[in-house]
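The values are calculated or read from the model by the stated rules, or taken from the named source; none is laboratory data. From a predicted model like this one, the values you see are computed outputs, not experimental measurements. Because the Cβ atoms are built from the backbone with ideal geometry, glycine has one as well, and the counts that use them run over all protein chains shown.
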């Protein structure tokens, strides 16, 4: 007879018992009411499709499912730019602020109203037309967090030109790979960007990339810093010169009617091997999905000031800075810089200045603020906040509680959201006002979404057991494949279980049917026959009052198969000690069990993170197993790994 451990793909041991009920006042005014979960899923998506967006021609069929490919809102015609900009102006809301923009250098601020946004988009779309951009012309965008980035995206959608936004922290090689795969004809960039008080050489990187991307014919460059950059008169065009003299009249550049399934954008996500995957997102299902989730999950109101503190270069920025919020006519905040420049108060100054009521950010940013201390937030009036959100990776319960208490005044709901570049929209999340919140749990599938946890052999895992997160039916914003690579699409997402989407993440479902994400399946460790997720051990470590951040990985061990290695950053710049090492091992043993005690603990002032804030556990595994480091080009600070290697070399493993 199989043991409990063998039945479960992943063992789960961490118990979190704190609960937060919805406040009655919040529940009464919430956009989502309890009956939302009782609606038929097809009726739900049909209604959202008809009411959430404006159609040039209505759809005639809700969806078509030929596994592993879906189509949604068949027969419909619409335009994303019209939905995000023009219809709000036509409805008389042109004077409403679309974005409050805050530059990183202090004092640089702009208010962009919907009428301003329409003017800028139309003029730039006309400029792109003058450069030969038409419906179907692939365009690359490589910029920092300036208002012209969403302007460029919206101008592309106005013309029906698919875009790929490449995060401004990526290298020239990464940019060239993406432009070559999509066969981009135009690149939009800027002279330089700002990051932590230093300039980022975007145009120089762009030139290096274009030298290796033969399809690019024109490079449009925005002046941001004004510093001298290389300029090729035969190929390069200044943004300000391109738009000079262009008409701002919407009729001069009408929105192109697009089919529901026309390509909207590609967004490249790094695979563990081979080249990045070009994730395909199309027009209607994606727009309906991000607008509906944005409305219900963030409880946005007509007067909300909503801040998603991500970068537009990632899917979070596409879905919840640009397309979802603008489709809903929501006022947003765009911030160019890093959270601690020139000091750790910067975010809280911004929230106080614009009276932000919704903040959506990553657990790694929250843990950074924990490390810097709550006193920075305490200096500012954050009483406008009424909802907090988390995205990017599972959030440790202690970080969740800190976020609620120190940023939300111990009164705001925290919506911990699970989704991926591939899913396009949030799929597992609390709905504020309805859901009983549990620190560390993403709680329930969004209405219309059918998620489950499977064992290795495809059986549904019961309450308490860990396994693989799967999605059992299509959803509107789902990827429509990997660009030019059907075989890889089928192999990556659809080969483990028949006609079921394999997310690549571990999860468990508790007795209430709530989901707890356990991190990437690649990050699960096999210790003495137990499959243990890194996130549970990291959460146990962060539960200790002196720990700011922790990252965990496995290394080969002859006796146990794998041994647990923890990399720990302490609060207040504490260096760590033998006593602290033993205290933390025992703390994990108490919280989870002796099997989960780390064999090694390496104290480090910083963890290796990508520029989007995700911890690169792959590099920590390289350090733990004393291997040559893999690709470090996406690291925010490559020197961090070298310092960790030196520290790790001096740490002896526990016997």
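Please find, within region 372-402, the residue that is farthest from residue 613 (Cα to Cα) out of those that are assigned to a helix (DSSP H, G or I) and in contact (Cβ under 8 Å) with a residue 40 or more places away in the chain.
Here the residue is 401.
Condition first: surrounded by 19 or more Cβ atoms within 10 Å (Cβ to Cβ) and under 24 Å from residue 306 (Cα atoms). Can you find one or more residues in region 124-136 that meet it?
Checking region 124-136: not a single residue is surrounded by 19 or more Cβ atoms within 10 Å (Cβ to Cβ) and under 24 Å from residue 306 (Cα atoms).
Determine whether region 609-620 contains at least one residue that is within 22 Å of residue 531 (Cβ to Cβ), touching a strand residue (DSSP E or B) at 6+ places or on another chain (Cβ under 6 Å) and assigned to a helix (DSSP H, G or I).
There is at least one residue in region 609-620 that is within 22 Å of residue 531 (Cβ to Cβ), touching a strand residue (DSSP E or B) at 6+ places or on another chain (Cβ under 6 Å) and assigned to a helix (DSSP H, G or I).
Pull up region 226-253, narrow it to residues that are free of Cβ contacts under 8 Å to residues at least 40 places away in the same chain and crowded, with 16+ Cβ neighbours inside 10 Å, then point me to the one that is nearest to residue 117 (Cα to Cα).
Taking the candidates together, the pick is 236.
Do you know which of the residues in region 403-419 that are assigned to a loop (DSSP other than H, G, I, E, B) and over 11 Å from the mean Cα position of the chain (by Cα) is farthest from residue 380 (Cα to Cα)?
Ranking the qualifying residues of region 403-419, first place goes to 413.
Of all residues being closer than 19 Å to residue 26 by Cβ and out of contact with any strand residue (DSSP E or B) (no Cβ under 6 Å at 6 or more places or on another chain) in region 433-445, which is surrounded by the fewest Cβ atoms within 10 Å (Cβ to Cβ)? Just the residue, please.
Restricting to residues being closer than 19 Å to residue 26 by Cβ and out of contact with any strand residue (DSSP E or B) (no Cβ under 6 Å at 6 or more places or on another chain), the top hit is 436.
State all residues of region 401-418 that are crowded, with 23+ Cβ neighbours inside 10 Å and out of contact with any helix residue (DSSP H, G or I) (no Cβ under 8 Å at 6 or more places or on another chain); if no residue qualifies, say none.
The answer is 418, and nothing else.
Quick one: which of 161, 140 is under 25 Å from residue 324 (Cβ atoms), over 22 Å from the mean Cα position of the chain (by Cα) and touching a residue at least 24 places away in the same chain (Cβ under 8 Å)?
Step by step, each of 161, 140 is checked, and only 161 is under 25 Å from residue 324 (Cβ atoms), over 22 Å from the mean Cα position of the chain (by Cα) and touching a residue at least 24 places away in the same chain (Cβ under 8 Å).
Name the residue, out of 209, 213, that is modelled with pLDDT of 95 or more, in a loop (DSSP other than H, G, I, E, B) and under 28 Å from the mean Cα position of the chain (by Cα).
213
Closer than 24 Å to residue 540 by Cβ, assigned to a loop (DSSP other than H, G, I, E, B) and under 14 Å from the mean Cα position of the chain (by Cα), is that true of residue 422?
no
To keep it simple, each residue is scored yes or no on (1) more than 16 Å from residue 324 (Cα to Cα); (2) out of contact with any strand residue (DSSP E or B) (no Cβ under 8 Å at 6 or more places or on another chain); (3) in contact (Cβ under 8 Å) with a residue 40 or more places away in the chain.
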position	(1), (2), (3)
37	yes, yes, yes
41	yes, yes, yes
46	yes, no, no
52	no, yes, yes
62	yes, no, no
69	yes, yes, yes
86	no, yes, yes
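Scan (1) touching a helix residue (DSSP H, G or I) at 6+ places or on another chain (Cβ under 7 Å); (2) part of a helix (DSSP H, G or I) for the single condition residue 221 breaks and write down its number.
Every condition holds for residue 221 apart from (2).
Hey, could you check region 592-617 for residues that are farther than 21 Å from residue 338 by Cα and surrounded by fewer than 19 Cβ atoms within 10 Å (Cβ to Cβ) and say which is modelled with the highest pLDDT?
The selected residue is 600.
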